[in-house]
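Chemist: This is the structure I have questions about; it appears just below.
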Amino acid sequence: MALRPDLLGARAEPVEFFWGPDDVMLYALAVGAGQADPLADLEFTTENLEGSDGPRVLPGFANIVTRGARVDAGGDDPRVLHAEQAFRVHAALPSSGRARVTGSVVGVEDKRSGVLVRTRAEAVDAGTGALLAETLQTVMIRGETAGSSRTRGTLGSQERPDPPLAPAVVTPPGPIPEREPDRRVVMPVRSDQALLFRLTGDRNPLHTDPAFARRAGFERPILHGMCTYGFAARTLGTIAGDPGKLVAMHARFTRPVLPGDELEVAVWDGEGGTHFRTTRDDEPVLDQGWAEFG
Ligand SMILES: C/C=C/C(=O)SCCNC(=O)CCNC(=O)[C@H](O)C(C)(C)COP(=O)(O)OP(=O)(O)OC[C@H]1O[C@@H](n2cnc3c(N)ncnc32)[C@H](O)[C@@H]1OP(=O)(O)O
């Protein structure tokens, strides 16, 4: 599975990302906050609780902050699927902010069904330059190879000769233990969840347009990977005692999720964090999961 070093190092132009209380509350609702109990998670879904000075921000929102700087690995191409995602927050994100976001391709790897493209992004506070968050996004471009003209056409104009050797954003300490999980939590997903999640900025028609979804090989639109991931992130934080406690997370998307699916998160306590797996009907949809808490 050769890495193609000649494609590494492609950089996205730095972009600025602004957000405010409405964005963070919408994100919280889009990843299921308050669905089981509208009075739970109110700190994340309302801004005017007595004594509060704005909503708290779910750590998974870091993945929204960096989204704009990801190097385009296919855009709205029906062959592109989200394959893995990792993030680390370096400070609790404020309810309003302005970040400068940079991204670069740090891996291009041929697999049987396509090519995996890994993009690392960093968000710093646009005013102070303080590091806010890092993310590592992997997509699979199905039917593609690293050396093909299509991949070069997508990434080639942004090539740089000396690729950065970026450290991993999150390194799981090992595989998920084979013993029974320490805890399991059921996580129902509403049938209109993708319509809500797209309002956080990801308008890929794969998640809403039946004709586009069929061209991608699916009977109906599938849920945004980042929505499933956000559900898991919020649930893991809740299991740890506070949805805001999560500081880092890694997971692999192994099967598509459909809006309306009932998911289950299973967790195994580990050294310095928690292993997890998300399943639908006992089939993994998010696997190799690892989460760390502050
Ligand atoms: C723009 C879109 C946004 C979205 O939100 S899409 C929705 C969220 N994503 C999904 O629903 C995707 C769910 N996952 C899948 O459907 C599958 O997963 C893949 C199609 C991505 C790949 O599966 P397979 O066809 O089995 O892969 P292979 O080409 O046969 O290659 C197998 C090698 O690839 C590694 N691999 C498999 N899946 C992933 C993955 N998700 N991320 C990273 N690597 C993966 C394996 O380990 C193995 O590697 P080794 O050959 O070295 O043994």
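Chemist: Taking the options Arg190, Arg220, Arg198, name whichever one is under 20 Å from the mean Cα position of the chain (by Cα), within 16 Å of the ligand (Cβ to nearest atom), at pLDDT 95 or above and within 26 Å of Asp281 (Cβ to Cβ).
Modeler: None of the others qualify; the one that does is Arg198.
Chemist: If Gln288 meets every condition in (1) among the polar types (S, T, N, Q); (2) touching a helix residue (DSSP H, G or I) at 6+ places or on another chain (Cβ under 8 Å); (3) within 11 Å of the ligand (Cβ to nearest atom) apart from one, which number is that one?
Modeler: Tallying (1) among the polar types (S, T, N, Q); (2) touching a helix residue (DSSP H, G or I) at 6+ places or on another chain (Cβ under 8 Å); (3) within 11 Å of the ligand (Cβ to nearest atom), Gln288 fails exactly one: (2).
Chemist: What pairs come up if the first residue lies in segment 202-213 and is closer than 19 Å to Ile64 by Cβ and more than 11 Å from the ligand (Cβ to nearest atom), the second is at pLDDT 95 or above and part of a loop (DSSP other than H, G, I, E, B), and their beta carbons are under 7 Å apart, counting only those six or more places apart or on different chains?
Modeler: Correct list of pairs: Thr208/Pro221.
Chemist: Consider segment 238-285. How many of its residues are farther than 21 Å from His82 by Cα and hydrophobic (A, V, I, L, M, F, W, C)?
Modeler: Number satisfying all stated conditions: 7.
Chemist: Which ones in segment 18-33 are outside any helix (DSSP H, G or I) and within 22 Å of Arg100 (Cβ to Cβ)?
Modeler: Those that are outside any helix (DSSP H, G or I) and within 22 Å of Arg100 (Cβ to Cβ): Phe18, Trp19, Gly20.
Chemist: Scanning segment 239-261 for residues that are among the β-branched types (Val, Ile, Thr) and either within 16 Å of the ligand (Cβ to nearest atom) or not in a strand (DSSP E or B) (or both), which turns out surrounded by the fewest Cβ atoms within 10 Å (Cβ to Cβ)?
Modeler: The qualifying residue surrounded by the fewest Cβ atoms within 10 Å (Cβ to Cβ) is Thr254.
Chemist: For Val185, state whether it is in contact with a helix residue (DSSP H, G or I) (Cβ under 8 Å, 6 or more places away or on another chain) and away from the ligand (no atom under 15 Å from the Cβ).
Modeler: Taking the combined requirement at face value, the residue satisfies it.
Chemist: A further question follows. Does segment 286-294 include one or more residues that are in a loop (DSSP other than H, G, I, E, B) and under 15 Å from Phe87 (Cα atoms)?
Modeler: Looking for residues that are in a loop (DSSP other than H, G, I, E, B) and under 15 Å from Phe87 (Cα atoms), one finds at least one in segment 286-294, hence yes.
The values are calculated or read from the model by the stated rules, or taken from the named source; none is laboratory data. For clarity, every value in this text was computed on a predicted model and none was experimentally measured. Cβ: placed from backbone, ideal geometry, glycine included. Neighbour counts: every protein chain shown.
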